[in-house]
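Visitor: Shown below is the structure under consideration.
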Amino acid sequence: MTDNGTQHSEGQKALLELESKFTAKKSSIQGTNGMQLRVLALFPRLFEDYPYPVVVTAAILKLADWFRQSNNVLKFHIYKVFEQSSEAHLPKLINTEETVRRILPVLYSNDYVARSITLRMLGCISAIIPEKLDVHHGVMQRLELAEDRPELEAAIWAADKFCGVSHRFLAVICSKLEAMIMSPSISPDVRTQLIRILRHMYVDFTMLKKALAICMNMLNLDPPIEEDQLKVVLSTIASLSKHSFLNRTEHISLLISYASKDCGQDLMCQVLHDLILMQDAQAMLSSLDVLNLMKIGCEVLQSGSFFLKYTYGRCLLILFQKNEPALQTIIRSSDPASHQQFKEFIGAIHNILFMESNRLQISSMIQYTAILNIIISTLKYCENSVVDEQTMIDMEEKMYRCLNMATDSLVMAPYTNHRKITLKKLLKLRRKLSVGAENIPQDFEYMLGTVEAANECLVPVLCMHLYYLACQSKANEGHYFVLLLQKLSKNIDNPVVCIPLIRLTLRLCMDTSEEATNMVIEDCFSKIKLFGGWNQTEGKFTKNQSYLWDIAKIAGQCKNFEIMYEVLSGIAGEVQTEASDCWVQAMMKLSRSEFLISSGIDKSSPDYGTACALLNKAIEDQVRFQTLMKAFSTMKEPRLFPCWYIQLRTEMLTLIKNTISIIVNSQEVRNNPQNVNSLYIRIERKIMSCAKDWFKLASRYQLLRKTIYNTDRQTAQLIDEFQIIALTFGYSLSSMKRSMMTFTHPALIPLFEDVSMMDEGMEIDKSARSLSIQVLRETDDWNKVPDMELAQRIDAFSRTVEAYCIGILSLSLSLPQNFFSSHKSVSVQMSVEPSLEELQPITLGSDSVEVMVIKFEGIVQRSRCKGQIMKATKADIVCFTTSQQISNIGDQMQALMIYDNPVMALGDMGLSACLLHPPTSYQANIVNNYFSTMGLIHLPRSKKVAEDTGSKRPTTVVWVNVLVRLVDDMDRAWITGPRYSRRVILQ
């Protein structure tokens, strides 16, 4: 949206063209101009093509004008335009007052049809005029005075819309609604529409009680109300109960009592849906309610329609999942009648499961199997005294057979996305089954057999299930590896099966000890060579190169950099484009550097000279990786995340090398008795300087975390883990100086809580978190020793940090999914007036100028991505001025840190004088992906501003800097950009 002015002008031209066609000479078609109807049909497209507030406002005001002046047919079609655009574009309307002023007079027309259409128009725009009292008065007046059926229904519809957005309107209409609902002159269908409005009245306790009282009175009328009204009344009670705790238990019992009566299947389905609705609010059932539902189920499952059975099964599954204590109460009770009802219900579920499996109704099979599994698990938990053991064994075998049938059916059937989702639900249920825990090896072997026959889109789903099964039974890992390698050999020419199996094998190896998997990895790599047609003479792969690149990525994600390097070496030179060759060469450098670190350093008795030499080689390779990635970015789209991720990894390795050098120096000082004190003081200074560098690295990891909006959980956890490592190093090193008060970062607080609960002598695993906890504990231990000499503190520090350095180096780097993807979940297109993207500076001629008015307008573009959970609610725009261009200060990440927090970042760099005015932040709400706001840029009072760093003459140039951040629904700020910087010359 950089050319926003052109877009606005094009939108205005398109609107003028539509207006000219609409007002052209009429060619009468039954009294209505056909061209006008065609013009109105083009307005939704206009809103989609030019979704800017200026264009939308002009178009809606024009439509409002035509609405006031046109006949009822055109009024109706204008109303349809509003209805289509109400959610997406009407909130962009700037001048709501003028729009209402043009529409509202029609409400007082003598034509009831015109009034009816106007009421519906007002209902469409209720979200943007929720508290307009004149509109409230008009709707209430037509609700009271309407005599014609269409007008009355339109008034009720409009009132319902306003009740959903305005608490004030709810308070006004409540008494009127009660009178109209209880009036004997109101027809049943109109009364039904009025009752629906009551579902909004949960915002106030008094209104809630009144609405529930009205509903209960309706249920007690004599003669009873009709079934359609009864369904609406019960749904209204359920909706009100969902949002409040008032008599919720009694309302659940009321719904179940109506379901247990001899009523129609439509009413029963509605009641079951209402029970599901109430369970979303965590409503609890009593054991009596559960028994009544079981009694209903015995009848429904025997004689109900398919839809009713499915609805009942869905309702029961949700209720059982959230009300297991009620089931336990029934099982533990001593009431024979309850036990008998429970047995009859289990029999009914067992029978319907048999019937659905014969018909291969997979969704129903999954539902009833899940219900049976909950029952069996509860029986085992309560030490079952209701159902005999043989019956339980039969049920478990039946469930297992049904799941096998369903799995085979889904795997063999033609692929659809619905079948994939159903298969995921089925596999999740298989893992939950109590019988599965005892037969995991057999289940693993069975599911592995289905992989060959499965559709290629389902193979990854099945392999993920196999991974979960293997993780549940670590004792049988050797057996699983044998099965996997056998299956891999059998399908070595089938990439659809081969690649997921390689991924599964390497992922299981990643979770298993290195000693136990060396042979497996060698065997797996030999299969990879066979798959790629390895030519021993040339040292190259001869086939399946595109698939081999996928295998290399898999190896990197599974921390097996040896396989990644060997595979990439085998396909290097075989790629078709220069960009691809650049990417492969970069990944080779990265994989070689990480392989050197993981295999070259002896963790048990490290040689620090060798370790530093290997770290130097690894750092060189990673610097080369960054150079190649910059070259790749010039050929393809820029990929900042892998560059920054490895840049910070390089900085971490450099700091570890520096820390090791300090440890080596301290050991040399210990062996040299001359000038010990001065040497120890010098080492202490080095330690404190290194601590500052570690804290800076932690802040850079925090910045990287803020740049990846809506990332996957693995990437977020990895960055948080590296930040904790840097903070742990910084805390431990800065604790050397007693006079210095060590700052505890909030990210370390959970680790200190674990330190306080750790027992002496507790075995520590090799995860980064556990190693950090151990270092923090040891640091606190030697910090508590009083009157410790400097030499003793440095010795204690050396022992603690030495083990931590080796432990961190022993943890292989993990490459998250984001590392190989250029996908961005969100981007912001901005328009700034005056423009900040042009190369020419802005020249201001007056020395008295202190502020510059600036307008921001933007659109947030979200792309669909898996597991998207964040919602951007605000745009946070940071503005500040500097005496020099920020992009010339440090690297890209350092520049971004200045944009994000200029005061702290420039202060840390000793460039505080460069900041001419503290940053100002402007926030704008994001509505339908659009935001706009205005702000002020503060300029120096005189053209003689602060001097450039290192310059002796005053400058007349000011740099205006702007950064856009998005704020999500949890008030977290994410650096999404864009960012701007432009010169302003003060003459």
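The values are calculated or read from the model by the stated rules, or taken from the named source; none is laboratory data. Predicted model only: the values in this text are computed from it and were never measured. Positions of Cβ are backbone-derived with ideal geometry, glycine not excepted, and every protein chain shown enters the neighbour counts. Accessible surface areas use protein heavy atoms only, side chains included; no ligands, DNA or RNA. Shrake-Rupley method; radii C 1.70, N 1.55, O 1.52, S 1.80 Å.
Visitor: Could you please give the count of residues in the stretch 240-260 that are open to solvent by 20 Å² or more (accessible area, probe 1.4 Å) and in contact (Cβ under 8 Å) with a residue 12 or more places away in the chain? Let's see the steps before the verdict.
Guide: First, pick out the residues of the stretch 240-260 that are open to solvent by 20 Å² or more (accessible area, probe 1.4 Å): 242-243, 245-250, 253-254, 257-258, 260.
Filter once more, keeping what is in contact (Cβ under 8 Å) with a residue 12 or more places away in the chain: 242-243, 246-249, 253-254, 257-258, 260.
Qualifying residue count for the region: 11.
Visitor: So, restricting to helices (runs of 4 or more DSSP H) that lie completely within the stretch 49-114, which ones have at least 3 residues that are touching a helix residue (DSSP H, G or I) at 6+ places or on another chain (Cβ under 9 Å) and either more than 14 Å from residue 129 (Cα to Cα) or of a type in the set (Lys, Arg) (or both)?
Guide: Numbers: elements: 53-69, 72-85, 96-103.
Once the helices (runs of 4 or more DSSP H) in the stretch 49-114 are filtered for at least 3 residues that are touching a helix residue (DSSP H, G or I) at 6+ places or on another chain (Cβ under 9 Å) and either more than 14 Å from residue 129 (Cα to Cα) or of a type in the set (Lys, Arg) (or both), what remains is 53-69, 72-85.
Visitor: Another question, if that's okay. Within the set of pairs 6 or more residues apart or between chains, which connect a residue that is within 28 Å of residue 931 (Cβ to Cβ) and at pLDDT 90 or above inside the stretch 61-89 to a residue that is among the polar types (S, T, N, Q) and assigned to a helix (DSSP H, G or I) with Cβ atoms less than 7 Å apart?
Guide: So the pair list comes out as 61/99; 64/99.
Visitor: Filter the stretch 32-53 down to the residues that are within 31 Å of the chain's Cα centre (by Cα) and of a type in the set (Phe, Trp, Tyr), then identify the one that is farthest from residue 856 (Cα to Cα). Reasoning before the result, please.
Guide: First pass over the stretch 32-53, keeping only residues within 31 Å of the chain's Cα centre (by Cα): 44-45, 47-53.
Cutting the leftovers down to of a type in the set (Phe, Trp, Tyr) gives us 47, 50, 52.
Details: 47: 21, 50: 17, 52: 13 Å.
That would be 47.
Visitor: Out of the residues in the stretch 218-230 that are touching a helix residue (DSSP H, G or I) at 6+ places or on another chain (Cβ under 8 Å) and not in a helix (DSSP H, G or I), which is least open to solvent (accessible area, probe 1.4 Å)?
Guide: Restricting to residues being touching a helix residue (DSSP H, G or I) at 6+ places or on another chain (Cβ under 8 Å) and not in a helix (DSSP H, G or I), the top hit is 225.
Visitor: While we're looking at this one, here's another question. I need every pair where a residue in the stretch 188-210 that is at pLDDT 90 or above has its Cβ under 7 Å from the Cβ of a residue that is open to solvent by less than 10 Å² (accessible area, probe 1.4 Å) and in a loop (DSSP other than H, G, I, E, B), sequence separation at least 6 or different chains.
Guide: Close Cβ pairs satisfying both conditions: none exist.
Visitor: Look at residue 56 and say whether it is of a type outside the set (Lys, Arg), under 39 Å from the mean Cα position of the chain (by Cα), modelled with pLDDT of 85 or more and open to solvent by less than 10 Å² (accessible area, probe 1.4 Å). Give the steps one after another, and end with the answer.
Guide: Details: of a type outside the set (Lys, Arg): yes; under 39 Å from the mean Cα position of the chain (by Cα): yes; modelled with pLDDT of 85 or more: yes; open to solvent by less than 10 Å² (accessible area, probe 1.4 Å): yes.
Yes: the conditions hold for residue 56.
Visitor: Mind telling me which of the residues 405, 395, 447 ends up being touching a residue at least 12 places away in the same chain (Cβ under 8 Å), of a type in the set (A, V, I, L, M), in contact with a helix residue (DSSP H, G or I) (Cβ under 8 Å, 6 or more places away or on another chain) and open to solvent by 50 Å² or more (accessible area, probe 1.4 Å)?
Guide: The unique qualifying residue is 405.
Visitor: Which of the residues that make up the stretch 626-651 are of a type in the set (Val, Ile, Thr) and closer than 21 Å to residue 897 by Cα? Reasoning before the result, please.
Guide: First pass over the stretch 626-651, keeping only residues of a type in the set (Val, Ile, Thr): 627, 634, 646, 650.
Hits for the stretch 626-651 are 646, 650.
Visitor: Cβ-Cβ distance below 7 Å, separation of 6 or more or different chains: which pairs start in the stretch 320-348 with a residue that is of a type in the set (Gly, Ala, Ser) and end on one that is assigned to a helix (DSSP H, G or I)?
Guide: 326/287; 326/290; 338/291; 338/330; 348/297; 348/298; 348/301; 348/302
Visitor: Related question: Scan the stretch 533-557 and report the pairs whose first residue is free of Cβ contacts under 8 Å to residues at least 12 places away in the same chain and whose second residue is basic (Lys, Arg), with Cβ atoms within less than 6 Å and a gap of 6+ or a chain change.
Guide: 533/543
Visitor: Given 178, 131, 151, which one is open to solvent by 30 Å² or more (accessible area, probe 1.4 Å), in a helix (DSSP H, G or I), among the charged types (D, E, K, R) and touching a residue at least 12 places away in the same chain (Cβ under 8 Å)?
Guide: Unique residue meeting the criteria: 178.
Visitor: Test residue 85 against the stated conditions and say whether it is under 24 Å from residue 20 (Cβ atoms), surrounded by 19 or more Cβ atoms within 10 Å (Cβ to Cβ) and in contact with a Pro (Cβ under 7 Å, 6 or more places away or on another chain). Step through it out loud before you land on a result.
Guide: Working: under 24 Å from residue 20 (Cβ atoms): yes; surrounded by 19 or more Cβ atoms within 10 Å (Cβ to Cβ): yes; in contact with a Pro (Cβ under 7 Å, 6 or more places away or on another chain): yes.
In short, yes.
Visitor: Scanning for something in contact with a Pro (Cβ under 7 Å, 6 or more places away or on another chain) and over 13 Å from residue 570 (Cα atoms), does the stretch 500-512 turn up at least one residue?
Guide: Step one: of the stretch 500-512, the residues in contact with a Pro (Cβ under 7 Å, 6 or more places away or on another chain) are 500.
Now restrict to residues that are over 13 Å from residue 570 (Cα atoms): 500.
The answer is yes; a qualifying residue exists.
Visitor: Go through 263, 215 for me and flag whichever is hydrophobic (A, V, I, L, M, F, W, C), crowded, with 16+ Cβ neighbours inside 10 Å and out of contact with any Asp or Glu (no Cβ under 7 Å at 6 or more places or on another chain).
Guide: Exactly one of 263, 215 is hydrophobic (A, V, I, L, M, F, W, C), crowded, with 16+ Cβ neighbours inside 10 Å and out of contact with any Asp or Glu (no Cβ under 7 Å at 6 or more places or on another chain), namely 215.
Visitor: Collect the residues in the stretch 970-984 that are out of contact with any Pro (no Cβ under 9 Å at 6 or more places or on another chain) and surrounded by 15 or more Cβ atoms within 10 Å (Cβ to Cβ), keeping them in residue-number order.
Guide: 973, 974, 975, 976, 977, 978, 979, 980, 981
Visitor: Any residue in the stretch 837-844 that is at pLDDT 80 or above and buried (at least 18 other Cβ atoms within 10 Å of the Cβ)?
Guide: no
Visitor: Surrounded by fewer than 22 Cβ atoms within 10 Å (Cβ to Cβ) and either acidic (Asp, Glu) or assigned to a helix (DSSP H, G or I) (or both): does that describe residue 368?
Guide: On the way: surrounded by fewer than 22 Cβ atoms within 10 Å (Cβ to Cβ): no; either acidic (Asp, Glu) or assigned to a helix (DSSP H, G or I) (or both): yes.
No.
Visitor: Take the residues of the stretch 554-602 that are among the charged types (D, E, K, R) and either farther than 20 Å from residue 817 by Cα or open to solvent by less than 50 Å² (accessible area, probe 1.4 Å) (or both): which is nearest to the chain's Cα centre (by Cα)? Spell out how you get there, then give the answer.
Guide: Step one: of the stretch 554-602, the residues among the charged types (D, E, K, R) are 559, 562, 566, 574, 578, 581, 589, 592, 594, 602.
Next, only the ones that are either farther than 20 Å from residue 817 by Cα or open to solvent by less than 50 Å² (accessible area, probe 1.4 Å) (or both) stay: 566, 574, 578, 581, 594, 602.
Numbers: 566: 36, 574: 38, 578: 36, 581: 34, 594: 31, 602: 41 Å.
Restricting to residues being among the charged types (D, E, K, R) and either farther than 20 Å from residue 817 by Cα or open to solvent by less than 50 Å² (accessible area, probe 1.4 Å) (or both), the top hit is 594.
Visitor: If you don't mind, another one. For the stretch 377-474, list the helices (runs of 4 or more DSSP H) that sit wholly inside it and hold at least 3 residues that are more than 33 Å from the chain's Cα centre (by Cα); which are they?
Guide: In the stretch 377-474, the matching helices (runs of 4 or more DSSP H) lie at 389-412, 440-451.
Visitor: Now, a different point. Run down 513, 526, 489 and say which single residue is in contact with a helix residue (DSSP H, G or I) (Cβ under 8 Å, 6 or more places away or on another chain) and surrounded by fewer than 20 Cβ atoms within 10 Å (Cβ to Cβ). Working first, answer last.
Guide: On the way: 513 fails: in contact with a helix residue (DSSP H, G or I) (Cβ under 8 Å, 6 or more places away or on another chain); 526 fails: in contact with a helix residue (DSSP H, G or I) (Cβ under 8 Å, 6 or more places away or on another chain).
The unique qualifying residue is 489.
Visitor: Return the residues of the stretch 181-202 that are open to solvent by 60 Å² or more (accessible area, probe 1.4 Å) and among the hydrophobic types (A, V, I, L, M, F, W, C); say none if nothing qualifies.
Guide: Correct list: 182 only.
Visitor: Right, next: Which one of these does residue 274 not meet: (1) in contact (Cβ under 8 Å) with a residue 40 or more places away in the chain; (2) among the acidic types (Asp, Glu); (3) open to solvent by 70 Å² or more (accessible area, probe 1.4 Å)?
Guide: That leaves (3) as the condition not met.
Visitor: Under 8 Å by Cβ, and 6 or more places apart or on different chains, what pairs join a residue from the stretch 878-900 that is in contact (Cβ under 8 Å) with a residue 24 or more places away in the chain with one that is hydroxyl-bearing (Ser, Thr, Tyr) and in a helix (DSSP H, G or I)?
Guide: Filtered contacts from the stretch 878-900: 878/899; 886/899; 896/707; 897/699.
Visitor: Shifting gears a bit: If residue 686 passes every condition in (1) in contact (Cβ under 8 Å) with a residue 40 or more places away in the chain; (2) closer than 26 Å to residue 751 by Cβ but one, which one does it miss?
Guide: Here residue 686 meets the rest and fails (1).
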